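What follows is calculated from the coordinates using simple rules that are stated; it is not laboratory data. For clarity, every value in this text was computed on a predicted model and none was experimentally measured. Reconstructed Cβ throughout: ideal geometry from the backbone, glycine too, with neighbour counts over all protein chains shown.
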Amino acid sequence: MIRLADIPVGEGRAYDVDGELVAVFHLRDGTVKAVSGICPHAGGPLADGLTDLRQVVCPLHQHAFDLSTGCSTTGQPDLTVYPSTVDEEGHVVVSSRTSRSV
Ligand code: FES
């Protein structure tokens, strides 16, 4: 179980959620977003990508994906978006097939 505070602001970290690699981002406005952790272009580590409040840019070949919709803005297949929240104790909760804290 991780706390949002364990992820530096503006960065992402990868976690296994029910057998799926999920990239969880702590955005600069204090919110959390979670998307597929593996880039559909060529398998890049999206948790290491650059983010603003709207998108993540893959570190390998700079394809970009909207963090709210998962849609690629550079012509790649879309990412899965995982609904994510932070509970009262500051733990990140990511919803996949079953909601769970990561
Ligand atoms: S692997 Fe992500 S852009 Fe190529």
*Looking only at segment 61-70, count how many residues are surrounded by 15 or more Cβ atoms within 10 Å (Cβ to Cβ), within 10 Å of the ligand (Cβ to nearest atom) and assigned to a loop (DSSP other than H, G, I, E, B).*
1
*Filtered residue count, segment 8-56, keeping only those that are closer than 19 Å to GLU89 by Cβ, in contact (Cβ under 8 Å) with a residue 60 or more places away in the chain and either assigned to a loop (DSSP other than H, G, I, E, B) or under 10 Å from the mean Cα position of the chain (by Cα) (or both)*: 4
*Can you pull out the residues in segment 1-50 that are touching a His at 6+ places or on another chain (Cβ under 9 Å) and within 16 Å of the ligand (Cβ to nearest atom)?*
GLY12, CYS39, PRO40, HIS41, ALA42, GLY44
*Is it true that THR74 is away from the ligand (no atom under 16 Å from the Cβ) and not in a strand (DSSP E or B)?*
no
